[in-house]
Amino acid sequence: MKKYIWITLSTLVFGISGCKKFELDDIKDPSQLLSIGNVNDTPYRTLVWQEEFDGTSYDGDPISCFDDDSNATCVKRLDWDSEGPCTESVSHLKKLNKCRWAIWDGFSFWEKSNNVAVKPSQVRVEGGSLKIKYKVRPDSEGPFNCGPSDRDPNGIDYYNDNCKVLTGGIYSRDFQNGKTQGRSFTNGRIEVRARARLEIGAWPAIWMWEGPVGTGTPYPYSSSMSPDYVGEIDILEIVAKSSGETLSDALQTYHVWYFDQDLHYQSGASVPVDARQWNVYGVERTGDELKYYINGAYIKSIKEGDLDTRNNPTMRVDDTARFMILSLGIAKDAAVAANPNLNNVEFEVDWVKSYL
């Protein structure tokens, strides 16, 4: 049983933000956008940070965050608890740079399905890429005990994470306690090369979030965030609607959350892509403007004061530092159904690059 800060959101982890295609700009042929603009127009051309998921440290840092080879004590916190199992030593994570990335480990709040846990067992770094898969556990591994169990007087919720459906994710959070360096990004251009094998309900995501430093938790609102609102940058979200689909709707969305007022605004675009193939998804940030790209083609710009999907001038854009999240979410219905076909899904990331 693990404990977490209770968060009053209806749609929580891994970027499940209630995006609906009809609410976003529906772009039928992204190749036509090359005549409008492309990534070659960007002022950000100098590569300053990269992650190739090949066990190489490109900035001179060690990739292991253990104290030393003989003492397998995690220097960096692995999961949402202050104490966690030191699973970074297992073979399928040896080539993950633990000085940059933290690994999720615990119950998932997805749509309160109470059927999903995020576990390091579902994350692998091999063959020069990051790979995240589901595991739908057979009933023979039950009985399962998954979901909220109790709350103490201080507002701390307790959750059991012995769940039927397992998935994974990593994030590049900076910690203030010196246990990992991590990485947060402000102005500049970020690109991620990725592909996915999909089944109905699969929800691969590449996104950025801001949060209080040092908590180890990606989600809670605090006064250390942007004044009175939080911005979520979704570089990619795909929600598969059919098995083996050749074209999927790639969502590139910016969300503005006013947690203290329980308000949410969004703007973005929906673009058809063949997610099975390698695609490069990008965002460029310049002060009060975001620009989205796919395979070098300009998709959409979102500026401070722009209209949201309901034609309200509510978009708030800033250059607050945000960390990267690479995750495999799941739609509520798919989580509840726990279809064994989800075992065929794989979200693969080849590299992440940052330019200034």
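Values quoted throughout were computed directly from the atomic coordinates according to the rules given, and no laboratory measurement underlies them. Values in this document were obtained by computation on a predicted structure and should not be read as measured data. Note that each Cβ is placed from the backbone with ideal geometry, even for glycine, and that neighbours are counted across all protein chains shown.
Arrange 101, 207, 278, 351 by Cβ neighbour counts within 10 Å, fewest through most, would you?
278, 351, 207, 101
In what sequence do 242, 149, 121 fall when counting other Cβ within 10 Å, fewest first?
Fewest-to-most Cβ neighbours within 10 Å comes out as 242, 149, 121.
If neighbour count is taken as other Cβ atoms inside 10 Å, put 255, 92 in order from fewest to most.
Ascending Cβ contact count within 10 Å gives the list 92, 255.
How much net charge surrounds residue 338 when only the other residues with a Cβ under 9 Å from the Cβ of residue 338 are counted, with Lys and Arg +1 and Asp and Glu -1?
+2
Go through segment 275-356 and name the trypsin sites (Lys or Arg not before Pro) that are in a DSSP coil and have 15 or fewer other Cβ atoms within 10 Å of their Cβ.
276, 310
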